[in-house]
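Bear in mind that the values in this text are calculations on the coordinates, not laboratory data. Model, not experiment: these values are computed from the prediction. Cβ sites come from the backbone with ideal geometry, for glycine too, and all protein chains shown count toward neighbours.
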Amino acid sequence: MTLLEVNDLSIRYAVDDGSSVHATDDVSFSVERGETYGLVGESGCGKTTLAKSLVHLLDDNGYVENGNVWFDGTLPQWSDEQGDATQSVIDDPDKPVRADGKTDLAALTNAQIRDIRWRDIAIIPQSAMNALNPVYKVGDQIVEAILRHEPETTADEAHERARDLLERVGIEPDRADDYAHQFSGGMKQRAVIAMAMACSPDLLIADEPTTALDVIIQDRILEELEKLQEEFGVSILVISHDISVMAEICDRMAVMYGGKVMESGPKDEIFGETANPYTLGLKNSFPTITSADQDLVSIPGTPPTLRDPDDGCRFRDRCPFAIEECHASHPPMYDVEAAESLGRSEEGTDERAHRSACYRIDELEQLRTDAIEESTWTEQRIESR
Amino acid sequence: MTRISGKYLAKRIVVSYLTLLVIMSLLFVLLRSMPGSFITSMISSGMTAEQIERIRETWGLNEPLWKQYVQFMINYQTGNFGRSPTYNAQVWDLIVRRMPRTLVLFGSTFIIGFIIGPLVGMYLGWWRGSTKDKSIFSTSLLLYSMPSFWISWLFIWVINYELDWLPSAYMFTQFPEFEWTAFTVMRDVLYHIALPVMSLTFIGWVGSMLIMRPTMNQVTDEGYVFLARAKGLSERTVMVKHAARNALIPVATGAVVSLAFLIDGSVIIENVFNWPGMGQIIVSAVLNRDFPVAQAVFFMLALLIVVMRLLTDVVYTYLDPRIKFGEGE
């Protein structure tokens, strides 16, 4: 069962001079129920923007240019007792609910999306350490979320649940009466995770859940997320620049660059049969513990600015494999498996399959061999291309 | 639940007490370094040297200065503020009569200003950069740059003189034709206090707004404001409960400072509105070298500030749980 279907989502940031920043361009991906989906990429590639846009939490100048966010769930007032959209709502052409009961979150108003936030989609922000309000008790902040979406709950019940949630993430229930400054960094992170589970959401967005933490705590947080996923059956959308985090917890993932998805598919295939020059470069620049004397090779150059970008492939300026074609247009998402047997052919339509946006998808063996060589990635080589 | 330890409070009280001793000493020295003596007002040109000598003797002016100082310090700490030569009354009685009048006027100005200011600051900070923010902010700066006595004259001119809506002087109707009951007195005071309070708060709220607006704007970028939104709370709840609550902390500091300025202003404003409070007698006491009254009035104002400072500490611990006083001492 698909929980979330993002179709051709383009997000823009309006800039004072009238131009716009293309934070994401025609991004499509889908998240199944109970799965962990990863969005990986360098900072500034649009992954956080993408996640925030799902529940309309963009900064003031950000807006959705086009695309849909089909979510399996709907507003409380539009649903029956099972939580499915009622037939009358589906039939109503003014309501963004389609025949299978999925609601287009991108088409909801601000007042409507507030009912979706946290109840259906909870978000653990990038700065989770600063996400607790210093002047309220941690427990009360969890209670606030419960009472917002389940007003029929009594305050005592809500407090009991808050303590229970804290216990589940390994925090003494009595610490519910403490303030954020009395918590350690890891505890704050876990408290925010506990808060995120307060209304048993269907989707949990974890934006850089481990970035500010040391490795031991990182590992514990990741375990915590996996445990919660088993307990609550929640789908998790993880955002990280750290591909080792992705390797650990994702089922499927998408690699983003410059506001575009470059490669997506099951995690094992992306790591095992990498099919995009950008992913190859990204892999090179991360250490693996198994090969101790490995030289880290970074991708030269910096990500593009994305202000009114041209039509070419977003990665071409930094790509050692770029060819003439790459300057003309951004490549479509090719099906990797089909390309291996049939050569570069049709755009892959199955969002769940391993897909890659690269015109040289039919020369993968060559690309993979070359990408391991450090000399491939030197600045001169790319510039003299 | 308070996070102020008893030990810390005791220490603060001792320090406050010492502060007051220093202020008393300064008052003693400063007033006596003014030219003239405080019996000048009691001496008329026809008096003989003998008579003058007797007055000096009565008021203890023949004692050496250090003895006068010691006597002064002892008197003050035993609650003996002495007698006013110009008002021919116990200084304490004067204060008891006049202090509440000043507190009523400036207390209400203070409270109204600190309700309006932070509220306006909250909205402007939240919507910073909007047309509304820009226009209200620049208007308030214009108000802020006007002297309060000038604004008061404007109000008196328009509302009292031109429109004749409200009285511009005194606290009570001078020769009342109504019966004096608690209700009529209260109504009468409200009627008289309206104009001075209006003209003082007309600009008085700006100070706290100026503190609130930028801190409010800062907290809008905080992670907890984002999280509050992500929880699905309404914009209003996010603004008031999560953002404004945090932005209030610096406003508390501003409150004490502005109280000091308010009381400074009382000297002028009470004279403009002929308000029979402390500010009025400060002027006449200093002009007439009425040292007992001047000393006592300045001392009471200092006491007010010291007590307010102590109270701010308590308010702080309620506003911000991160602040603890007296831990580990």
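List of remarks:
- Choice from A:ALA162, A:ALA106, A:ALA131 showing the highest fluctuation, given a GNM over chain A with Cα pairs closer than 10 Å: A:ALA131
- Three-way shape call for the stretch B:97-287 based on the alpha-carbon gyration tensor, with the a/c threshold at 1.5: prolate
- Calculated mean residue ellipticity at 222 nm for chain B: -22500 deg cm²/dmol, from DSSP H runs with n ≥ 4 weighted as -39500 (n - 2.57), summed, divided by the residue count and rounded to 500.
- Of A:ALA85, A:ALA328, A:ALA206, the residue with the greatest mean-square motion in the GNM of chain A, using alpha carbon springs below 10 Å, is A:ALA328.
- Extreme residue, positive dipole direction of the protein assembly as shown, given options B:THR86, A:GLY101, A:ALA328 (C-beta unit charges): B:THR86
- Cα-based convex hull, the protein assembly as shown, per residue volume (Å³, whole number): 264 Å³
- Working note: Cα gyration tensor of the stretch B:1-99, eigenvalues times five, square-rooted, sorted largest first, giving semi-axes of 36, 16, 11 Å.
- Across A:ASP16, A:ASP59, A:ASP317, mean-square fluctuation computed from a Gaussian network of chain A (C-alpha pairs under 10 Å connected) peaks at A:ASP16.
- Pairs from A:LYS52/A:LYS102; B:LYS7/B:LYS324; A:LYS188/A:LYS227; A:LYS47/A:LYS95; B:LYS132/B:LYS231; A:LYS102/A:LYS260 whose Cα-Cα separation, in the structure shown, is over 21 Å: A:LYS47/A:LYS95; B:LYS132/B:LYS231; A:LYS102/A:LYS260
- Legend note: in chain A, cysteines whose Cβ sits 4.7 Å or more from every other cysteine Cβ are A:CYS45, A:CYS199, A:CYS250, A:CYS319, A:CYS358.
- Helical segments meeting 24 Å axial Cα length and Kyte-Doolittle -0.5 threshold in chain A (DSSP H): A:215-232
- Placing +1 on the Cβ of every Lys and Arg and -1 on the Cβ of every Asp and Glu, with nothing else charged, gives chain A a dipole about its Cα centre of roughly 720 debye.
- The residue list B:ILE116, B:PRO276, B:SER148 was ranked by how far each Cα lies along the charge dipole of the stretch B:97-287 toward its positive end, using unit charges on Cβ atoms, and B:ILE116 comes out on top.
- With the charge dipole of the protein assembly as shown set up from +1 on Lys and Arg Cβ and -1 on Asp and Glu Cβ about the Cα centre, the Cα lying farthest toward the positive end among the listed residues A:TRP118, B:LEU20, B:THR317 is that of B:LEU20.
- Within-11-Å neighbourhood charge of B:PHE106 [Cβ basis; K, R +1; D, E -1]: -1
- In the stretch A:63-111, one over the average inverse separation of all distinct C-alpha pairs is 11.0 Å, which is the Kirkwood hydrodynamic radius.
- Taking every C-alpha pair closer than 8 Å and separated by at least 6 residues, the mean separation divided by the residue count of chain B gives a relative contact order of 30 percent.
- For the stretch A:233-365, size of Cβ-based charge dipole, Lys and Arg +1, Asp and Glu -1, in debye: 480 debye
- Cα gyration tensor category, rounded, prolate or oblate, for chain B with a/c compared to 1.5: oblate
- Evaluated with a Cβ-only charge set (Lys, Arg +1; Asp, Glu -1), the protein assembly as shown carries a dipole of roughly 5460 debye about its Cα centre, given to the nearest 20.
- Exposed loop sites are taken as GluC sites (Glu not before Pro) in a DSSP loop (any state but H, G, I, E or B) with at most 14 other beta carbon atoms within 10 Å; the longest stretch of chain A without one runs A:153-345.
- Rounded, prolate or oblate (a/c below 1.5 giving rounded, otherwise prolate when a/b exceeds b/c) for the stretch A:277-383 by Cα gyration tensor: oblate
- Shape box of chain A [Cα atoms, principal axes, largest first, Å]: 68, 54, 45
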